[in-house]
Amino acid sequence: MTAKEKIFEYVRDNYGTEPEYPWAKTPEFAVLRHSSNKKWYGLIMSVNGKAFGLDDSVIWVINLKVSPQVHEIMTAEGTAFPAYHMNKKKWLSVPLESYVTDEVMHSLIDESYELTK
């Protein structure tokens with residue numbers, strides 16, 4: 001199971017969320033949205049690594065809203081980056097193929113879900 005599939009399984013089981021694919025030009029990009037208020041709590045997309053100061057390869061990330069403390073820790077550790085195409089102080093881009101454990105990813109998803117209620 002890919003990292004993306006694991007995330008979809010987690011949000012389906014815990015929040016009843018099915019990914020949405022709103023863009024015709026990037027049909028593989030997925031939005032995770034609350035069923036009640038329709039706000040996003042996650043965005044899965046591919047980004048050129050250069051956007052994060054990496055090499056020219058494409059990486060898959062999930063953008064999640066987090067507390068300032070989590071943002072500071074994860075960016076300092078290098079396990080996540082200020083979010084691509086989102087508020088860089090409130091959102092993180094977490095590479096899907098990273099050293100973040102499933103438990104940490106689930107915790108980040110849970111926090112984003114709560115912060116966007």
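The values are calculated or read from the model by the stated rules, or taken from the named source; none is laboratory data. The model shown is predicted, which means the values in this text are computed figures rather than measured ones. Don't worry about glycine lacking a Cβ; one is built from the backbone with ideal geometry, like all the others, and counts go over all protein chains shown. These accessible areas exclude ligands, DNA and RNA; they are computed on the full protein's heavy atoms, side chains included. Shrake-Rupley method; radii C 1.70, N 1.55, O 1.52, S 1.80 Å.
For the stretch 80-108, give me each residue that is in a loop (DSSP other than H, G, I, E, B), within 11 Å of the chain's Cα centre (by Cα) and not hydrophobic (A, V, I, L, M, F, W, C). Matches in the stretch 80-108: 84 only. Taking the criterion of being over 12 Å from residue 112 (Cα atoms) and either at pLDDT 90 or above or among the aromatic types (Phe, Trp, Tyr) (or both), the residues of the stretch 80-92 that qualify are 80, 81, 82, 83, 84.
Of the residues that make up the stretch 41-56, is at least one assigned to a strand (DSSP E or B) and touching a residue at least 60 places away in the same chain (Cβ under 8 Å)? For the stretch 41-56, residues assigned to a strand (DSSP E or B) and touching a residue at least 60 places away in the same chain (Cβ under 8 Å): present. Within the set 77, 18, the sole residue that is within 22 Å of residue 117 (Cβ to Cβ), over 14 Å from the mean Cα position of the chain (by Cα) and among the acidic types (Asp, Glu) turns out to be 18.
Quick check on the stretch 60-77: of everything there that is open to solvent by 50 Å² or more (accessible area, probe 1.4 Å) and farther than 20 Å from residue 11 by Cβ, which residue is modelled with the lowest pLDDT? Restricting to residues being open to solvent by 50 Å² or more (accessible area, probe 1.4 Å) and farther than 20 Å from residue 11 by Cβ, the top hit is 77.
Checking each residue in the stretch 21-59 for being within 24 Å of residue 113 (Cα to Cα), surrounded by fewer than 17 Cβ atoms within 10 Å (Cβ to Cβ) and not basic (Lys, Arg) picks out 21, 22, 23, 26, 27, 28, 29, 34, 35, 36, 37, 46.
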